[in-house]
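In what follows, a structure is listed as structure tokens, so that the remarks can point back to it.
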Amino acid sequence: MVPEQQQLHSIGQATWRRDGQAKVTGAEEYVSDITLPRMWHARVLRSPYAHARIVHVDTSYAEALGAVCLTHADIPKIRYNERIVSTPPHLYRDRYVLADKARHVGEAIAAVAAPTEAAAEQALRALRVEYEVLETITDPEVAMWDGTEPIYTNVQLGDQELSIEHNIAVQRTIELGDIEHGFANSAVILEREFATSRIYHAQMETKGVVCRPESDGGITVWPTAQSIHNVRQLLGEIYSLPLHKINVKRVPIGGTFGSSIQMNSVIPICVGLTLKSGKTIKLVTTREEDMYDHVRYPSRIRLKLGATKDGLLTAGHMHALSDIGAHNTQAFAFLSVLSGWWASLYKLPAMKFEGKAVYTNKTPSCAMQGFGNPQATFAVESLMDDLADALGIDPVEFRLRNYVGLGGTFWGQGPSVQSIVLSDGVPELLEKGMEKIGWPGRPVSGSQTGRYRRGIGMARGFHTSGAGAPKPGEVIDYSGAFIKVNEDGTVDVVHALMDHGGGTLDAIAKIVAEELGIPSDRIGISPADTLTTVYDVVTHATRGVYAGGGAAHKAARKVKAILLDYASRVLGIETNALVIEPDETLGQGVIYCPSFPERRITVGALAKLCQTNSWGSIAAVESLRQVNCPPAYVAYFVEVEVDTETGSVRTVRAVIGSDCGTVVNPDLAVGQLEGGLSKGLGYALVEDNSWEQESGRLLSKGFWVDGKTPAMSESPLLEDIDTFFADSYEPSGPFGAKGIGEAATNPCAAAYGNALYNALGIRFTELPITPERIVASMVAAESGATKAVLV
Amino acid sequence: MIGQHPADLGGHGGGGPTEHANPTETQMEDFTNTHILVGEFELIEPHTLAQASESLRTHAGEAVIMAGGTDLLVGMKMEHIRTKYVISLGRISALKRVDTNSDLVIGATASIRDVAHNSVVRQQYCALAEACQSFSTMQIMVMGTVGGNLCNASPAADTAPALLALDASVHLTSGVREREIALSEFFTGPGGTVLSDGEVLEHISVPAPSLSTGSAFLKMGRVAADISKVSVAVTVVRSEDRVRQCRIALGAVASTPRRIVAAESELLGEKPTISGISKVSQLVQQAIEPITDVRSTAAYRRHLAGVLVGDAFRQAWLRAGGGEIT
């Protein structure tokens, strides 16, 4: 709830985002649009084998064609982790710029650059690589067997060598309380195994980079990236360049869903080619290369939960296995957050989490929208429904009795990032959601007959807002902003934050406008690069508005204080007696004293006076670590219709409620929820992205035609998507705001699973719930083999 | 085992990149450069069909015909197709026609969208209109052609079952000789047709249906904009409350789109009933040879074919003026 004294002029208003017109007209320039004088083009040679030693790379024919070639021999022998969000002691370093050994189909082995892309392609085909092909390991269980070929013998953890046994990249056990005691005191105990798939991010833009050598020995880089500063630091580390000689530019990004949280693998390759050749080089991947570059972490989760007959949870035990593929990008963090999301969904007096992340010869996993949350929530929210059923308690009531809400402890990024919940819209989300979907009228699960059956299901969840906490943890989290008032009273906001497409930077402008009392159209977002911005860790963990916006808010407060100081000098009124408000007629901010309204000056006039009187610039730079990680709660209620003969599922209606604190821009917030539904229903019902066991190739071969993701046709009609926001205010957020982006998708798959259970009386424990699986389960259920599909 | 990547360096001395090592062996096909058309080719754009046939004969074995290009260009980017000459039919305006004066005549380069939006097609050739609409994505519908969809001869070509069920024939010309054959004789295997060297599809003709004829097309993919897991088209001609004629065709369940003649005769002269339709579905399921691939499984395809045949039959019967089947 917004405090009464807060009269907001910018926050909460539905406004057009400032980059919207450029995006819809095609004027926006992405990396692939960048063309520089005398620019060469690069291509990467990728391993056709899932697991192979590289015996020899012969570049002589390619060089004879005039190409510049880069191989493992050319690059610094520095192992690194391309995602430096974890603190250094928790960084697992297992990769080189170009591989020492092919560990998955598509691994970058060598690269070439030539004056045109056609010439580069010709040179690429003139490279000769001799491989010694090794056993392909695609099954994580097989990977752990004695005698299985090791994918790594050792990697680096922090600065130390770490030997890898049984291809296990990392294990984590987290235990709180006595689970044996808890289970012993349970009236009902249920246990099931759940599986989720390694889906591709399917962001619109594939990865690209342009690198230009500078005459002072430095480089300028235009990358596809979620963090320009982390890209700069990694390039400095790998190529031993001082940071002031590396300028990484922020380039608009065509969506990420997390796929650029790390420094993308092509960035250091392109830089290596530039440093070797002295040429400006552009490297843009094809869709097929991109599909072999990253996937969501899959999961096999065995979950056991106990509850008393009064419907209070007693204990939980979760085993999690994740097939991380060929590189450990953030498996440690993944296991941490799996445990954390689980611990934060419901109050468990005792819990034990045992997680394993295993290397295989497949595309490396990386964070994807929700980072472990859709996986954990699918398991937990499916089992919560079953528990409610077993106890004879309404599923929503059961959740209300057990959820972690106001005053509870929320794990925003695993066990080391915890803070107390200060805002909680969950009761409102659940009550309104029930009313809107018609919860009391839903059918008894499994009671229907006939070809078409409808079901209503719900699931709740959240995502964190940022990875900040009172104590320093395993995760780096802070932002910074530089704000200056121009000589006409307009404002430039210089912030390193990346906008993934959700309008985060537009929200930052609105926050600054609100604090300064200046109309939001007078606030500009400056182009950003690493030379002119202060550090921002990365846009991830739904932290853009909450943490990035928090830093901008802090800097705006300081700018406001400077403005009022100068105004005090001009108006002869005490600083504390002055306010700034936007004046619609003048179209700008006006500083005045409410007791003496005739004593007033526009921000523009004041800024001009500051300049002409040589008083100085009105500007401030601030950096902020949020010391909370507030949960951005979400509740999903979906109604589905199943054609039991074809197994196809139609979304009849979806009700999505969000507690994102203060809503900064209602239209964009609704867009986040609608997008979360689209992405979530793809995860629930469609996307598979499977691998051939023998060859380690994608069944789709990386071709988009078989990498299916839902489009508009699969989405319900807009009038059948009902979105709403809880009346909520987060005390630690800018103007009460917290996050929304990843929360928007997290409970979606679980809600579909529960709706299908309601329609058919069949519990689906494996994603995606395809028509093939539905028909097979119907047949099994009808032949009395129901147990076969239940675990 | 020692692998090489790629082994063949032939022809890299001069002009453009040329042939390279066996792509299956080196698995290069996953990483072709789909930004650009790697293989060099000459684009020929004749203004008449005679010129097109002439070019095709001149460059026999080295040329391909392009209608809309939606399959061809993808194939060339993926390097499944390598060719020295691409003969585009795009400038031959007569081939774009959709003529509904008597029988339906569809020129070789009439777009999927033009056919889908044609009001006569929508009223009288429902199965074809539905098949064209099922392409779903605007870009493909605008560029893609019905003629190209047939000549590409994918087992999953969506217009093929519809046109088979509508008893279409194709008019082929080589500039020297012309012939007209039933569409059911046209396909020889995945990607294969009876088109001989120098021969071009000129148009497709579909006999005008009687008033008591109804047709329907149904397909299922993983999503709407997808290659079919199974596609089905049924045409029924009604005589009072009995079936006078029936044609059933399926896509994506055999090496070519095909009619299932064994199932078509089941209800001839009969009143359609639920059990009769169920028998038709079973006959279809017995006759097809579906496979398991990235899109679906053989078992599901067989199951789905039965369901969709029943649904399409009921829809076609309604459109033929028959009632609800009980």
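Taking N as the number of residues in the range B:96-206, what value does Rg over Cα atoms divided by 2.2 N^0.38 Å take?
This ratio for the range B:96-206 stands at 0.98.
Report the net charge of residues surrounding B:GLY321, where surrounding means a beta-carbon distance below 15 angstrom and charges are Lys +1, Arg +1, Asp -1, Glu -1.
Net charge around B:GLY321: +3.
Could you list A:CYS629, B:CYS151 in order of exposure, starting from the residue whose Cβ has the fewest other Cβ atoms within 10 Å?
So the ranking, lowest neighbour count to highest, is B:CYS151, A:CYS629.
Taking neighbour Cβ counts within 10 Å as the exposure measure, how do B:MET143, A:MET291, A:MET434 sort from fewest upward?
Least to most surrounded, the residues fall as B:MET143, A:MET434, A:MET291.
How do A:LYS249, A:LYS309, A:LYS436, A:LYS207 line up, fewest other C-beta atoms within 10 Å first?
Going from least to most buried by this count: A:LYS309, A:LYS436, A:LYS249, A:LYS207.
Rounded to whole Å and sorted largest first, what semi-axes of the equivalent ellipsoid does the C-alpha gyration tensor of the range A:720-761 yield via the square root of 5 times each eigenvalue?
Ellipsoid semi-axes (Å, largest first): 30, 11, 9.
How far apart, in nanometres, would the label points at A:GLN156 and B:THR326 be if each is projected 7 angstrom from Cα along the Cα-to-Cβ direction?
In this crude spin-label approximation the distance works out to 7.9 nm.
If one takes the longest principal axis of the Cα atoms in chain B, at what angle in degrees, from 0 to 90 and to the nearest 10, does the Cα axis of helix B:49-58 lie?
Between the helix axis and the principal axis of chain B, the angle is about 50 degrees.
When the expected Rg is taken as 2.2 N^0.38 Å, what fraction or multiple of it is the alpha-carbon Rg of the range A:15-113?
Cα Rg divided by the expected 2.2 N^0.38 Å: 1.50.
What GluC sites (Glu not before Pro) in the range A:135-196 are in a loop by DSSP, with at most 13 other Cβ atoms within 10 Å of the Cβ?
Listed in order of number, the matching sites are A:GLU135, A:GLU165.
Rounding to the nearest 20 debye, state how big the charge dipole of the protein assembly as shown is about its Cα centre with +1 on each Lys and Arg Cβ and -1 on each Asp and Glu Cβ.
The calculated dipole for the protein assembly as shown is roughly 460 debye.
Do you know the relative contact order of chain A, to the nearest whole percent, from alpha carbon pairs under 8 angstrom that are 6+ apart?
16
Which shape class, rounded, prolate or oblate, goes with the range A:559-605 when its Cα gyration tensor gives a ≥ b ≥ c as root eigenvalues, a/c under 1.5 marks rounded, and past that a/b bigger than b/c marks prolate?
oblate
What is the spin-label model distance, in nm, from B:LEU73 to B:ASN101 if the labels are put 7 Å beyond Cα along the C-beta direction?
Distance between the two pseudo-spin positions: 3.4 nm.
If we sort A:278-288, B:87-97 on the protection proxy, mean other Cβ atoms within 10 Å, highest first, what's the order?
Result, highest mean Cβ count within 10 Å first: A:278-288, B:87-97.
Which length gain, in nm to one decimal place, applies between A:LEU609 and A:LYS309 when the Cα-Cα distance is subtracted from 0.36 nm times their residue separation?
Separation in residues times 0.36 nm, less the Cα-Cα distance, equals 100.7 nm.
Could you work out how far the C-alpha centroid of the range A:637-692 sits from that of the range B:247-326, in angstrom?
Their Cα centres are 33 Å away from one another.
Using only the alpha carbon atoms of the range A:700-787, find the Kirkwood hydrodynamic radius as the inverse mean reciprocal pair distance, in angstroms to one decimal.
16.9
Ordered by packing density, taken as the mean number of other Cβ atoms within 10 Å over each peptide's residues, highest first, how do B:162-172, A:649-659, A:745-755 rank?
Descending mean neighbour count gives A:745-755, B:162-172, A:649-659.
Taking each residue in B:71-79, count the Cβ atoms of any other chain within 10 Å of its Cβ, then average. What number comes out?
Averaged over the peptide's residues, the number is 1.
Between the range A:328-347 and the range A:12-51, what is the separation of their alpha carbon centroids in Å?
32
For the range B:213-319, what does the relative contact order come out to in percent, with C-alpha contacts under 8 Å and a separation of six or more?
That works out to 31 percent.
Net charge near A:VAL231: determine it from the other residues with C-beta under 13 Å of the C-beta of A:VAL231, scoring Lys and Arg +1 and Asp and Glu -1.
+1
Just tell me how shielded A:280-291 is by partners: mean number of partner chain Cβ atoms within 10 Å of each residue's Cβ, no decimals.
For peptide A:280-291, the averaged partner shielding equals 2.
When Cβ neighbours within 10 Å are restricted to other protein chains, what is their mean count per residue of peptide A:112-118?
The mean count of partner-chain Cβ atoms within 10 Å per residue comes to 2.
Which value in deg cm²/dmol, rounded to the nearest 500, describes the helix-derived mean residue ellipticity at 222 nm for chain A, given -39,500 (n - 2.57) per DSSP H run of n ≥ 4 and division by the residue count?
One gets -8000 deg cm²/dmol as the mean residue ellipticity at 222 nm.
Return the FRET efficiency for the residue pair B:MET138, A:THR35: r is the Cβ-Cβ distance, R0 is 25 Å, and the value is rounded to the nearest 0.05.
FRET efficiency, B:MET138 to A:THR35: 0.30.
If I take every Cα pair under 8 Å that is 6 or more residues apart in chain B, average their sequence separation and divide by the length, what percent do I get for the relative contact order?
Reported as a whole number, the value is 14 percent.
Which is the longest part of chain B that has none of the GluC sites (Glu not before Pro) sitting in a DSSP loop with at most 10 other Cβ atoms within 10 Å?
Excluding the exposed sites themselves, the longest stretch runs over B:1-239.
Along the charge dipole of the protein assembly as shown, pointing to its positive end and built from +1/-1 on Cβ of Lys, Arg, Asp and Glu, which listed residue (B:VAL284, A:VAL686, A:TYR152) has its Cα farthest out?
Selected residue: A:VAL686.
I need the chymotrypsin sites (Phe, Trp or Tyr not before Pro) found in the range A:1-84, filtered to DSSP loop residues with at most 14 other beta carbons within 10 Å of theirs.
Counting only loop positions with at most 14 other Cβ atoms within 10 Å, the chymotrypsin sites (Phe, Trp or Tyr not before Pro) in the range A:1-84 are A:TRP16.
For the range B:27-161, what class follows from the C-alpha gyration tensor (a ≥ b ≥ c being the square roots of its eigenvalues): rounded when a/c is under 1.5, otherwise prolate if a/b is larger than b/c, else oblate?
Since a/c reaches 1.5 but b/c is at least a/b, the shape of the range B:27-161 is classed as oblate.
At R0 = 41 Å, how high is the FRET efficiency between A:ASP521 and A:ASP727 if r is their beta carbon distance? Nearest 0.05 is fine.
0.90
Compare the Cα positions of A:ALA635, A:ALA605, A:SER568 along the charge dipole of the range A:526-643 (+1 at Cβ of Lys, Arg; -1 at Cβ of Asp, Glu; about the Cα centre) and return the one farthest towards the positive end.
Selected residue: A:SER568.
Given a Förster radius of 56 Å and the C-beta distance between A:LYS77 and A:GLU431 as r, what FRET efficiency does 1/(1 + (r/R0)^6) yield to the nearest 0.05?
0.40
About the Cα centre of the range B:96-206, what is the dipole size in debye to 20, counting +1 per Lys and Arg Cβ and -1 per Asp and Glu Cβ, all else neutral?
Computed about the Cα centre, the dipole is about 280 debye.
Per the Kirkwood treatment, what hydrodynamic radius in Å, one decimal, follows for chain A from the mean inverse distance over all distinct Cα pairs?
27.5
Of the peptides A:728-737, A:259-268, how do they stack up when ordered by the mean number of other Cβ atoms within 10 Å, highest first?
Highest mean packing first, the order is A:259-268, A:728-737.
Between A:TYR757, A:LEU241, A:ILE591, whose Cα lies farthest towards the positive end of the dipole of the protein assembly as shown when Lys and Arg beta carbons carry +1 and Asp and Glu beta carbons carry -1, centred on the Cα centre?
Looking along the dipole axis, the top candidate is A:ILE591.
Once you order the gyration tensor axes a ≥ b ≥ c over the Cα atoms, which shape class does the range B:213-319 get: rounded for a/c under 1.5, otherwise prolate or oblate by comparing a/b with b/c?
Cα axes put the range B:213-319 in the prolate bin.
Based on alpha-carbon positions alone, could you give the equivalent ellipsoid semi-axes of chain B from the gyration tensor, as √(5λ), descending, whole Å?
38, 24, 15
Could you check the spin-label model distance between A:ALA14 and A:HIS56? Points 7 Å from the Cα along Cα→Cβ, value in nm.
6.8
We did not get these values from a lab; they are worked out from the coordinates using the rules stated. Please read these numbers as outputs of a predicted model, since none were measured by experiment. Using ideal geometry, Cβ is built from the backbone for each residue, glycine included, and neighbour counts are taken over all protein chains shown.
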